[in-house]
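The values are calculated or read from the model by the stated rules, or taken from the named source; none is laboratory data. Computed from a prediction, not measured in an experiment: that's the story for all the values here. Backbone-built Cβ (ideal geometry, glycine too); neighbour counts: all protein chains shown.
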Amino acid sequence: MARKIIIDTDPGVDDTMAIFFALKSPELDVIGLTTIFGNVHTALASTNAVRLMEIADRREIPVASGVADPLTRAFGGPVPYVHGEDGQGNLFLPPPQGQPIDQSAADFIIEQVMRHPGEITLVPVGPLTNIALALRLEPRIAENVREVVLMGGNAIVPGNASPAAEANIRNDPEAADLVFGAPWQVTMVGLDVTHKVNMKRKHLEHYSTINSPLAQHIARIVPHYRDFFERTYEVDGIFVHDSSAIAYVIDPSLFKTEHWPIRVETEGLSRGKTWPNLGDRLRPEWENRPRVNVCVEVDSQRLIDLEMARMEA
Ligand code: BDR
Ligand code: CA
């Protein structure tokens, strides 16, 4: 039976690629999208998410809007130079016909997890505020979820939003520390692996040759995003962030993992840094925290082949 997932997302170009990859994968049953600020403000993330379901002709999949700000401060603002002013590569498409459901992201997550105990995998690919709020409102989701597979963090490599921190975690470090500390199985698909998955121009250009509305939409939104990567990192093409979390849910054998408890720095220059306690001697701040399944190596070629094959099917 296909695995039920909820994708918590800030679409976002790579979020779009990840969502479509999931929709095209028979192993997965996307039962809903929940939205969050990050690449864009939450309201725009919701508009984009609804439009993506219309492009994919999957209007039955509900979109639940999340909160507009992190747990303890105001949102620092979107990143138009990465994802476009509209979060969709500056296409400025007309508004969708539908709208988000009349239920908050946190309430939707709680309702679904408690209705399907042990069945739902949460796949957050944006800041972790909705997930932390859901945990606060209903701590029993921790024992009723199947697992959490998130894109975010950097265990033993530098950050991308700052020298210390990855963008999703830096956008709400307090929420991330709650999520990494809750008594559930968390897998961290962070920059340790996503910066090793390089989808090249030749792959990206292939999308425009695939005869499906999903691939055609990706082909249209990706150039702005690709230009950011090529300018910033001097690579050919892009690094694959959010789709790597989807790939993990489909096939964990693509990754090698370590099991470390994680704390998140919430103050100062290193705000948003995910700190693993390496080795067996745990410092007091890491004691009594669950061990996070941290992805450290990836079969990059096999991951890219999987995503491309799914998008072609
Ligand atoms: C993460 O930040 C966002 O820009 C991407 O969508 C991804 O989720 C990468 O650091
Ligand atoms: Ca994202």
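Quick rundown of the values:
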quantity: Of residues in the stretch 157-173 being of a type in the set (Gly, Ala, Ser) and more than 8 Å from ligand 1 (Cβ to nearest atom), the one nearest to Ile36 (Cα to Cα); calculated: Ala165
quantity: Those residues of the stretch 6-35 which are among the aliphatic types (A, V, I, L, M) and either surrounded by fewer than 24 Cβ atoms within 10 Å (Cβ to Cβ) or more than 16 Å from the chain's Cα centre (by Cα) (or both), in sequence order; calculated: Leu23, Leu28, Val30, Ile31
quantity: Single residue of Thr187, Thr209 found to be among the β-branched types (Val, Ile, Thr) and either at positive phi or surrounded by fewer than 19 Cβ atoms within 10 Å (Cβ to Cβ) (or both); calculated: Thr209
quantity: Pairs, first touching a residue at least 60 places away in the same chain (Cβ under 8 Å) and under 13 Å from Asp192 (Cβ atoms) in the stretch 275-297, second outside any strand (DSSP E or B) and among the hydrophobic types (A, V, I, L, M, F, W, C), C-beta under 6 Å, six or more apart; calculated: Pro276/Ala155; Val292/Phe180; Val294/Ala155; Cys295/Val193
quantity: Residue satisfying condition, being in a loop (DSSP other than H, G, I, E, B) and buried (at least 21 other Cβ atoms within 10 Å of the Cβ), within set Pro117, Pro127, Pro95; calculated: Pro127
quantity: Residue pairs meeting the criteria (Cβ under 6 Å; at least 6 apart or on separate chains; first in a strand (DSSP E or B), in the stretch 136-159; second within 16 Å of ligand 1 (Cβ to nearest atom) and among the charged types (D, E, K, R)); calculated: Met151/Asp242
quantity: The stretch 279-313, subset under 30 Å from Asn211 (Cα atoms) and assigned to a loop (DSSP other than H, G, I, E, B), residue modelled with the lowest pLDDT; calculated: Ala313
quantity: Per-region count, the stretch 220-259, residues farther than 16 Å from Ala18 by Cβ and aliphatic (A, V, I, L, M); calculated: 1
quantity: Flag for Ser243 being in a helix (DSSP H, G or I), polar (S, T, N, Q) and without any contact (Cβ under 8 Å) to a residue 24 or more places away in the chain; calculated: no
quantity: Of all residues making up the stretch 72-92, the number that are in a loop (DSSP other than H, G, I, E, B), surrounded by 12 or more Cβ atoms within 10 Å (Cβ to Cβ), free of Cβ contacts under 8 Å to residues at least 60 places away in the same chain and within 13 Å of ligand 1 (Cβ to nearest atom); calculated: 1
quantity: Check on Ala64, more than 14 Å from ligand 1 (Cβ to nearest atom), hydrophobic (A, V, I, L, M, F, W, C) and surrounded by fewer than 17 Cβ atoms within 10 Å (Cβ to Cβ); calculated: no
